[in-house]
Structure formats: C-alpha cells, structure tokens
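Structure first, commentary second.
Bear in mind that the values in this text are calculations on the coordinates, not laboratory data. Owing to the predicted nature of the structure, the values given are computational and were not obtained by experimental measurement. In this analysis, Cβ positions are derived from the backbone assuming ideal geometry, glycine residues included, and neighbour counts consider all displayed protein chains.
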Amino acid sequence: MKLFYSPGACSIGIHVILEEIGKPFETQVVSTRDGSNKKPEYLAINPKAKVPALLRDDGKVLTEFPVIAWWLAKANPMSNLIAVEFEAEARTLEWMDYLCGTVHPQGFTRQFRPGNFAKDAEDEARVIAQGKALAEGYLQVIEKGLAGDPWLLPSGYSVADCALFFITGWASGRAGMTLPPKLARHHAAMLARPAVQRALAREAK
C-alpha cells in the first residue's frame, strides 16, 4: 500500500492507523502548502486534490479519511481498530464523520485557510475569529461525549481516536488552544503510543 499525505495535515491519522496495523506500506508526500495536491500527477491519483489518499495492494485508490480508516480497520480485524459490535461500529463512524466533516473544515480550515471562506482580504480576520469560536464549541462537545477516557468510545481504542488525534494536535499546536481535561488526556495517551511516535518521526524527516 502507499499513503499519499501532507505533513501537518489530517492524513497523520491514517498514517497512525497504518503503523498500528503493522503491514508494509510506502508513503509519498503531497504538500498542500506548495500546491502539489493540485498538480496533474496527483490529480490523476485523486481528482479531488485532497489528502489522504490510499493506493491499495489491488491497485485501486481510496479517498476520504473516514472511508480509508474504516476500510483499513475492517480489512485488518486482528488490529482491533474498530468494534465488532454493530452499535459500537456505528458510533465509531459517527465520531469520524463529525471530526472530519464538521470540526475539521468549520473549526480549523477557517483558521488556517481563511481565504477559502472570506469575501476579501479584509474579511479574513472575521473568518479566523469565527473558526476559533466554532472550534472551542466543538471541543466542548467532544469533551462531553468522550466516553472511554482516555478513548472516545467505551469499546476502547479505535480509528476514531486517530481522527481525534489530528484535531487535538491542531488545537493545541497551530491554533494555540488549551485542551479541556479529557481531551488533554486523550492527546497524551495518543502521543505515548509507539505507532503514533513512528508516524510522527517518519513525517518529520
């Protein structure tokens, strides 16, 4: 398999999942900062111009974080990255959809790429402030809903925690926010995992 990722992007969560699974995989940097994600060679792989993308062993490409995470977990059940019980699996998908589909773009893309939302340069300050306010609210929702302490779900560590990791990393890092207590414990628990350490080290090269 090959993971297409951008350093500092949400793709770190998929990188962690691949490290957790432990099967051989390659990585290729597609920097969203320098526009590599919009170059023809990457658009041929993922016309959406987004990361992550996963080239599977069968030669087919998967896109969208929740789908890649779900597929990796289901294809590698020995890794115990998604609950077998139906309700718990549904809750895992529910969290990933919220984190990737709401918290990511509304809370953090507004802060990091205000030009995507602002009507002009003067409007960017308003967009950034709005993103920070939304992010603060989202973190409180997650804090109250975090049922596993330190993990998101009472069923234990899952791919949903890998999605939350990029959110808490952005919040406590680039956005300079203070994590609520449970989320702080979650982030510390993630940083203590060898798979997370390996993924971070590989992306730092």
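Just a few scattered comments:
- Taking a ≥ b ≥ c as the square roots of the eigenvalues of the Cα gyration tensor, the range 82-199 is classed as prolate, since a/c reaches at least 1.5 and a/b is larger than b/c.
- Listed by chain and number, the lysines placed with their C-alpha closer than 22 angstrom to that of residue 39 are 2, 48, 50, 60; residues fewer than eight positions away on the same chain are left out.
- Environment charge at residue 107 (Cβ cut-off 13 Å; Lys +1, Arg +1, Asp -1, Glu -1): +3
- The charge dipole of the chain, taken about its Cα centre with unit charges on the Cβ atoms of Lys, Arg (+1), Asp and Glu (-1) only, comes to about 440 debye.
- Considered as an equivalent ellipsoid built on the Cα gyration tensor, the chain has semi-axes of 25, 23, 15 Å, the largest given first.
- Net charge contributed by nearby residues that have their C-beta within less than 9 Å of residue 150 (K/R +1, D/E -1): 0
- Extending 7 Å from the Cα toward the beta-carbon at both residue 26 and residue 113 defines two label points whose distance is 2.6 nm.
- Over the chain, Cα pairs under 8 Å with separation of 6+ residues give a relative contact order of 22 percent.
- The residues neighbouring residue 14, those whose beta-carbon lies less than 11 Å from its own, together hold a net charge of -3 under the Lys/Arg +1, Asp/Glu -1 convention.
- Gaussian network model of the chain, Cα within-10 Å springs - most flexible of 177, 96, 78: 78
- Residue 27 long-range amide H proximity, modeled H, under 5 Å: 3
- Leading residue at positive end of dipole, the chain (Cβ point charges), from 37, 76, 130: 37
- Estimated FRET transfer efficiency when R0 is 25 angstrom, pair residue 45-residue 67 (beta carbons, to 0.05): 0.95
- In this structure the amide hydrogen of residue 177, modeled in the peptide plane, comes within under 5 Å of the amide hydrogens of 172, none closer than 5 places in sequence on its chain.
- Compared with the rule-of-thumb size 2.2 N^0.38 Å for a compact globular protein, the range 155-197 has a Cα radius of gyration ratio of 1.10.
- Of 171, 118, 163, the one that fluctuates the most in a GNM where the chain has Cα springs shorter than 10 Å: 118
- Gaussian network model of the chain, springs between alpha carbon atoms under 10 Å - residue of 40, 180, 114 with greatest fluctuation: 40
- The modelled label-to-label distance between residue 185 and residue 90, using points 7 Å beyond Cα along the C-beta direction, is 2.8 nm.
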